[in-house]
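For reference, the structure is listed below as structure tokens.
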Number of protein chains: 2
Amino acid sequence: MLKLFEYNWQVRKDWLDWCGTVNEEELMKRRTGGVGSILITLHHIVAVEYGWICGGIQGKSIEIPPFENVAGLQQIKDFSARCHLELAPFVYDWKDSLESRIMIDITDEGEREAHTYGEVMRHVIAHEIHHIGQLSVWSREIGKKPVTANLIGRGLFD
Amino acid sequence: MLKLFEYNWQVRKDWLDWCGTVNEEELMKRRTGGVGSILITLHHIVAVEYGWICGGIQGKSIEIPPFENVAGLQQIKDFSARCHLELAPFVYDWKDSLESRIMIDITDEGEREAHTYGEVMRHVIAHEIHHIGQLSVWSREIGKKPVTANLIGRGLFD
């Protein structure tokens with residue numbers, strides 16, 4: 001479980017660095033598919049990971065700034081770092097015995113849904129990888145090489 | 001580990017079904033990013049999973065048809081089904097004790113690289129999710145709703 005989170009965090013860092021090589025207009029530009037722009041996607045990835053792990057599983061009272069309040073590369077980097085600091089200990093302390101514990105989610109429609117921690121953790125993993133795939137298409141539209149998505153060769157298992 | 005493979009297989013099936021609702025010209029059309037078209041992406045996903053698990057880890061002598069030889073929706077469905085039948089038992093029989101076993105990969109440049117089975121399996125998982133993210137952008141370009149990427153709500157943990 002941890003390795004896939006570490007993969008996501010590494011890839012996210014690479015994309016945030018990549019964003020530093022692109023002008024902010026391109027980062028903010030509305031695009032087809034996904035949640036609509038490169039920076040909004042990165043905000044969304046951070047918000048979803050933080051929301052499920054700290055707000056959902058850990059049941060903390062959390063505050064997620066709307067994109068408009070952090071709509072710049074440095075602000076998104078700071079938002080990501082802040083959330084990471086708070087949620088990473090839970091991921092590093094993950095034990096198989098947590099797999100089948102249950103959390104209750106209140107959906108946007110106000111319904112209560114039960115999920116195991118194992119399901120939530122994998123949802124968060126897949127969520128980030130999926131949205132990063134969208135960034136890779138948009139980066140080619142800008143004419144730039146995307147960050148590699150390869151998991152092999154990142155030194156995660158050294 | 002198994003759950004993320006099951007997620008990928010479900011999502012892949014949903015996309016193959018989705019392809020049935022789109023004309024073949026759109027499926028074959030060259031697009032920006034990724035490996036270049038919807039059908040080539042699906043072929044690539046299957047080939048990479050099959051290549052790493054049956055060819056790489058299991059060391060079987062395998063044959064992967066070039067895209068040109070299976071360049072149609074039904075052929076890609078058949079190719080996916082054939083590979084799945086051969087590789088799924090290994091995934092279902094996965095045990096944590098396999099994590100640190102080593103396989104040797106010969107790269108395209110002829111170099112030998114050692115990888116643990118655990119690294120290869122996670123690489124394959126992330127690889128498919130990433131490319132599916134690209135399909136989701138292209139589907140919006142066609143004006144069609146993409147298959148949901150949500151892992152939660154697929155009944156994988158019922």
Connecting every pair of Cα atoms under 10 Å apart in chain A and solving the GNM, the largest mean-square fluctuation among A:Glu86, A:Glu111, A:Glu99 falls on A:Glu111
Using the structure shown, select from A:Lys13/A:Lys77; A:Lys3/B:Lys95; A:Lys60/B:Lys3; A:Lys29/A:Lys144; A:Lys144/B:Lys144 the pairs with a Cα to Cα distance greater than 18 angstrom.
A:Lys60/B:Lys3; A:Lys144/B:Lys144
Segment A:1-95 - percent relative contact order, Cα under 8 Å, separation 6 or more:
30 percent
Summing both sides, how much accessible area is buried between B and A? Use a 1.4 Å probe and give Å² to the nearest 100.
2900 Å²
Solvent-accessible heavy-atom area per residue, rounded to whole Å², over segment B:70-158 at 1.4 Å:
48 Å²
Taking a probe of 1.4 angstrom, what is the accessible area of A:Ser97 in Å², to the nearest 10?
80 Å²
Just for the Cα atoms in chain A, what are the lengths along the principal axes, largest first, rounded to whole Å?
45, 41, 25
What translational diffusion coefficient, in µm²/s and rounded to a whole number, does the Stokes-Einstein relation yield for segment B:71-158 at 20 °C and a viscosity of 1.002 mPa s, taking the hydrodynamic radius as the Kirkwood radius over Cα pairs?
132 µm²/s
Top mean-square fluctuation among B:Gly72, B:Gly51, B:Gly110, Gaussian network model of chain B, C-alpha springs under 10 Å?
B:Gly110
One checks the Cα atoms of the protein assembly as shown and finds Rg and Dmax, in Å, of 19.4, 57
Considering only protein heavy atoms and a 1.4 Å probe, what is the carbon-and-sulfur percentage of the accessible area of the protein assembly as shown?
47 percent
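The values are calculated or read from the model by the stated rules, or taken from the named source; none is laboratory data. From a predicted model like this one, the values you see are computed outputs, not experimental measurements. Keep in mind that these areas ignore ligands, DNA and RNA; they rest on the heavy atoms of the full protein, side chains included. Shrake-Rupley method; radii C 1.70, N 1.55, O 1.52, S 1.80 Å.
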